[in-house]
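What follows draws every value from the coordinates through simple rules; no lab data is involved. Just so it is clear, the model here is predicted, and its values are computed rather than measured. Note that each Cβ is placed from the backbone with ideal geometry, even for glycine, and that neighbours are counted across all protein chains shown.
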Protein chains: 2
Amino acid sequence: MHFTAEQRLDDGVLEREFTLGEIPGILWTPGSAPAPAPLILLGHPGGLRRMYPRLVVRAQNCVAAGFAAATIELPGGGERPRRADLDEARADLHRALAAGQPVTDEIVERLVLPLVDQAVPELRATLDALLARPELRGPVAYAGGVIAIGVRLAVVEPRLAAAVLFAGSYVPRVMFAEARQVTIPLHVLLQWDDEGNDRQLALDLFDAFGSAEKTLHANMGGHTGIPHFEGDAVSRFFARHLR
Amino acid sequence: MHFTAEQRLDDGVLEREFTLGEIPGILWTPGSAPAPAPLILLGHPGGLRRMYPRLVVRAQNCVAAGFAAATIELPGGGERPRRADLDEARADLHRALAAGQPVTDEIVERLVLPLVDQAVPELRATLDALLARPELRGPVAYAGGVIAIGVRLAVVEPRLAAAVLFAGSYVPRVMFAEARQVTIPLHVLLQWDDEGNDRQLALDLFDAFGSAEKTLHANMGGHTGIPHFEGDAVSRFFARHLR
């Protein structure tokens, strides 16, 4: 892992860009910390630069609550090499949506499964590199959309102690068997009136999770309109499970 | 309104029993308060004495968060005169449940509508009497089960500024039109794995509410197993809307 740039944000948070092999990422840590901070991995739909304005707000909230935050570019996203299979699946998805046709499980599988298969080992390698640093510690958490990645990570990564999942992304039904294997505490955010969101799938997935502690928070406000007070609820969820 | 008994609880909360005409009730207020406290009406399924252990905990949480709390006996409940129509509807309900038969809308209407029709005017008269006291003030909130009562109260009572509804009680489908008229902020608690609960009805009702701010919190833990951290979330909801 190599740091390639760093800056201090207004609130004193230290933001460092890094590369892990060919994968770009960003790490946010407290300006000064007496002890190693538990790490939260921020999930996003790909395109680090495009997503940056929203990611940095989430990262600053994490740091303000006493944690560190990190994220990496998704396979095929941003400036990473395109993946023809994912591009094709995405084109088929947009064609179906534009034509008002149902998004078949076959399209969702082609869109999501290869992404999960590549992204999860990359996230685990990122954890290996980051947790070797003295300013960071486990256990860690995952927070974000592309919840299929969060589901797989929760099943295979023993350092993951909790996850906040933003419902609303596509999850192939074939992954429900994995969802049943998830046992870590989950906090699921669902925007109830998000038209691009399959609400029933989100509720079915919540039902499927095997976790004894799982909480669903549904709100109004559309895809990006998660109410401000939910940020506080997420911080308290992390504090319960990472401290 | 007449106070009939009073005691100090361990945490200094002043608990006073009262009667309003023939209706018994309980008022909980801070031991000492520099200013009038916003009032929260606690809903329950009837039987004040039976429900007291759970009600007093909820009331103490309200007072600890800076509010006052009050509750009254439901029509036909506890030591109030029985109502033959409600008893008959309840017997039909239990017969259907024991026989494993579906609980028809007809039974639910006979069980809930007469209760709502009588309980809501009684709660409004209670507000008239309580808000005339110097230690209490509006706007007020409703918190509890028998959510059909909360729905009707939210539609007809302008002093009600917010409501916390414990999903899981029967709500006749005919009341969904009233649910669409509700515009105050709502915080709905749903025990996801409560076997006695019609989860789909709860989700449909949440969808029907007309409120621009409505939040659903679903948790595991069975009917009475609402997690402790949800008490904090409820206090913060009240603080946002009653202060």
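Annotations for the structure displayed:
- Placing R0 at 35 angstrom, the Cβ-Cβ distance between B:H223 and A:D117 gives a FRET efficiency of 0.30 after rounding to 0.05.
- Farthest positive-ward along the protein assembly as shown dipole, Cα basis, beta-carbon charges - from B:L42, B:A208, B:G66: B:G66
- Order by protection proxy (mean Cβ within 10 Å, highest first), peptides A:175-187, A:222-234: A:175-187, A:222-234
- Kirkwood Rh and Cα Rg combined as Rg/Rh, segment B:83-182: 1.04
- Rounded to the nearest whole Hz, the Karplus-based 3J(HN,Hα) values (6.51 cos²θ - 1.76 cosθ + 1.60, θ = phi - 60°) of segment A:20-34 follow the sequence 10, x, 8, 8, x, x, 9, 10, 10, 9, x, x, 9, 9, x, with x at glycine and proline.
- Phi angles of segment A:50-64 translate, via the Karplus equation with coefficients 6.51, -1.76, 1.60 and θ = phi - 60°, into HN-Hα couplings of 5, 7, 3, x, 7, 5, 5, 5, 4, 5, 5, 4, 4, 5, 4 Hz per residue; Gly and Pro are given as x.
- Taken along the Cα-to-beta-carbon direction at a fixed 7 Å, the label points for A:R243 and A:D87 span 4.8 nm.
- B:A35 versus A:R16: modelled label distance in nm, points set 7 Å from Cα along the beta carbon direction: 4.7 nm
- FRET efficiency for the pair A:A125 and A:R54, taken as 1/(1 + (r/R0)^6) with r the Cβ-Cβ distance and R0 = 30 Å, rounds to 0.75.
- Amide H partners (placed H, <5 Å) of B:L136, local residues excluded: B:A37
- Rounded if a/c under 1.5, otherwise prolate or oblate - segment B:128-243, Cα gyration tensor axes: oblate
- Euclidean distance between Cα centres, segment B:89-140 to segment A:1-51, Å: 54 Å
- Peptide B:216-228, shielding by other chains (average Cβ, 10 Å cutoff): 3
- Estimated translational diffusion coefficient (Stokes-Einstein, Kirkwood radius over Cα pairs, 37 °C, 0.692 mPa s) of segment B:110-167: 277 µm² per second.
- Computed extension length for B:Q7-B:Q181: 58.6 nm, one decimal, from 0.36 nm per residue of separation with the Cα-Cα distance subtracted.
- Most mobile of B:E109, B:E213, B:E135 in a GNM of chain B (Cα contacts under 10 Å): B:E213
- √(5λ) per eigenvalue of the Cα gyration tensor, the protein assembly as shown, largest first, Å: 47, 27, 18
- Other copies of A:R95: label-to-label distances in nm, shortest first, labels 7 Å along the beta-carbon direction: 6.1
- In the protein assembly as shown, helical runs assigned H by DSSP with n ≥ 4 each contribute -39500 (n - 2.57); averaged across all residues and rounded to the nearest 500, the mean residue ellipticity at 222 nm is -13500 deg cm²/dmol.
- Taking amide H positions as modeled 1.01 Å from N, with prolines and chain starts lacking one, no residue 5 or more places away or on another chain lies under 5 Å from B:T183.
- From most to least packed by mean Cβ count within 10 Å, the peptides A:138-150, B:87-99 give A:138-150, B:87-99.
- Distances between every pair of Cα atoms in segment B:175-243, grouped in 5 Å steps from 0 to the bin holding the largest one, split as 4, 16, 24, 21, 20, 14, 2, 0 percent.
- Computed from backbone phi with θ = phi - 60° and the Karplus coefficients 6.51, -1.76 and 1.60, the 3J(HN,Hα) list for segment A:138-151 is x, x, 10, 10, 10, 9, x, x, 6, 5, 4, 5, x, 5 Hz; x is used for glycine and proline.
- Largest-first ellipsoid semi-axes for segment B:81-123, taking √(5λ) over the Cα gyration tensor eigenvalues, angstrom: 22, 11, 6
- The other copies place their A:R8 label points at 5.3 nm from this one, listed shortest first, where each point is 7 Å from Cα along Cα→Cβ.
- Under 5 Å from the amide H of B:A162 lie the amide H atoms of B:Y142, each residue being 5 or more positions distant or on a separate chain, with H modelled from the backbone and absent for Pro and chain starts.
- Area projected by the alpha carbon convex hull of chain A, averaged over all directions, nm²: 12.4 nm²
- Simple spin-label estimate for A:Q200 and A:A64 in nanometres, 7 Å along Cα-Cβ: 3.9 nm
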